[in-house]
Amino acid sequence: MNLRILIVFAILTTTMFTASVQCDVRGVTASPGETLSFSITITNDDDYERNVHLSYIAPEGFIGKFIYNGKDVEWLKLNASESITIQFQLEVPQNAKEREYYVTVYALNSITFRINVEVPDEPLDIMPSITGVPIEAGDEVSFPITIENKLNAEYKVDLSCSIPKNWSYKFVENNIEVYKIILDAGERRGS
């Protein structure tokens, strides 16, 4: 008799909170520093209103947030049989190593994403429009260059140049001397 009651209680407990968490994407390839975005649909399959706590578990350094109607959220209210689609944004840390990582999102139920981090061999394309000019001692010359970020993430670039001894150089953008720039994903900058 006690075993039968326990089984009925277990069945009632598992069917009492019915909900689904769905996403068309379960795994992606990302670069260090990239911000990923997943559209997640949460459905309250019950016939009553539910408050839904949103949380996630990720490896150290991965930072996530839930966005609904343009706002960061931690809790949602779902009416009976209601579905809501939210965005889960995940920042891959700049120092992430090349390997697979797993991130689990909880919202009435759970879903796990596989993040395959790959570091590109060359994240930048540097394209000079002039590759050589004759100059004499004391001359000053400018070389226009274009730099393109090939990553799907923002990239911070420290500008430097190898030059002969006793020469000097500087990088100039919009008549201002610069030594660091930040390029958005896929951004191309230069002249």
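The numbers here are math on the coordinates, done by the rules we state, and not lab data. Note that this is a predicted model, so its numbers are computed, not measured. Cβ coordinates were reconstructed from backbone atoms using ideal geometry, including for glycine residues, and neighbour counts include every protein chain displayed.
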ask   = What residue among 95, 166, 152 shows peak mean-square fluctuation when the chain is described by a Gaussian network model with Cα springs under 10 Å?
value = 166
ask   = Extent of the chain along each principal axis, from alpha carbon coordinates, in Å, largest to smallest?
value = 100, 31, 22
ask   = Hey, in the GNM for the chain with a 10 angstrom Cα cutoff, which one of 150, 65, 77 fluctuates hardest?
value = 77
inquiry  = Could you identify which residue out of 76, 90, 151 has the top mean-square fluctuation in a GNM of the chain using Cα springs shorter than 10 Å?
reply    = 76
query = Taking square-rooted eigenvalues a ≥ b ≥ c of the alpha carbon gyration tensor, is segment 124-190 rounded, prolate or oblate, where a/c under 1.5 means rounded and, failing that, a/b exceeding b/c means prolate?
reply = prolate
query = When DSSP beta bridges are limited to those with both residues in the chain, what percentage is antiparallel, rounded to the nearest 5?
reply = 95
key: Nearby lysines by direct alpha-carbon distance to residue 156 (threshold 24 angstrom, same-chain neighbours under 8 apart not counted)   = 65, 97, 170, 180
remark   = So the FRET efficiency between residue 73 and residue 189, C-beta based with R0 = 30 Å and rounded to 0.05, is 0.30
ask   = Can you run phi through the Karplus equation (6.51, -1.76, 1.60; θ = phi - 60°) for segment 53-60 and list ³J(HN,Hα) in whole Hz, with x for Gly and Pro?
value = 8, 9, 8, 8, 10, 9, x, 4
task = Can you tell me the order of 50-60, 171-181 when each peptide is scored by its average per-residue count of other Cβ atoms within 10 angstrom, highest first?
result = 50-60, 171-181
note = Amide H neighbours of residue 82 at under 5 Å, excluding residues fewer than 5 places away on the same chain, with H built from the backbone geometry, are 44
query = Direction-averaged shadow area of the convex hull around the Cα atoms of segment 19-117, nm²?
reply = 5.7
Protection proxy ranking of 109-120, 129-140 - average other beta-carbon atoms within 10 Å, highest first = 109-120, 129-140
